[in-house]
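The values are calculated or read from the model by the stated rules, or taken from the named source; none is laboratory data. In this text, all values refer to a predicted model and were calculated from it rather than measured experimentally. For neighbour counting, all protein chains shown are included, and Cβ atoms are generated from backbone atoms with ideal geometry for every residue, glycine included. What goes into the accessible areas is simple: the full protein's heavy atoms, side chains included, and nothing from ligands, DNA or RNA. Shrake-Rupley method; radii C 1.70, N 1.55, O 1.52, S 1.80 Å.
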Amino acid sequence: MQIRVAVDGHEIQLGASALAALIGSLPDDDESLAEVFHELAQSSIAAVRAAVASKAVISEETVATLASDSSPE
């Protein structure tokens, strides 16, 4: 999974820690982000999955995805 941010036509790719921080800064109660959180819950980066797990508006499907995570960290 690659996450890119575009700023005035310039595109940058976010690293794992920046992506986890960005997820952490997103609102916990914005239901419109549930699908984004579900996609991010499938990341290979443990810090990203952990950031998603802290959100209040994740779907039951996302919870199931995170619960089946084989990496306890």
*ASP69: accessible area at probe 1.4 Å, nearest 10 Å²?*
50
_As a test question: what accessible area, to the nearest 10 Å², does ASP28 have when a 1.4 Å probe is rolled over all protein chains in place?_
70
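Ranked by accessible surface with a 1.4 Å probe, highest first, in what order do HIS38, HIS10 come? List each step's numbers first, then the result.
Details: HIS38 35, HIS10 130 Å².
Sorted descending by solvent-accessible area, the residues read HIS10, HIS38.
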*For GLU35 and HIS10, what is the calculated FRET efficiency with R₀ set at 25 Å and r taken between the beta-carbons, to the nearest 0.05?*
0.40
*Put +1 on the Cβ of each Lys and Arg and -1 on the Cβ of each Asp and Glu in the chain; which of ILE45, THR62, ALA34 then has its Cα farthest toward the positive end of the dipole?*
ILE45
_Residue-normalised accessible area of the chain, given per residue in Å² at a 1.4 Å probe_ = 65
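Give me D for segment 1-64 in µm² s⁻¹, whole number, from Stokes-Einstein with Rh from the Kirkwood sum over alpha-carbon pairs, 20 °C and 1.002 mPa s. Numbers along the way, then the final one.
Working: Rh = 12.1 Å.
The estimated diffusion coefficient comes to 177 µm²/s.
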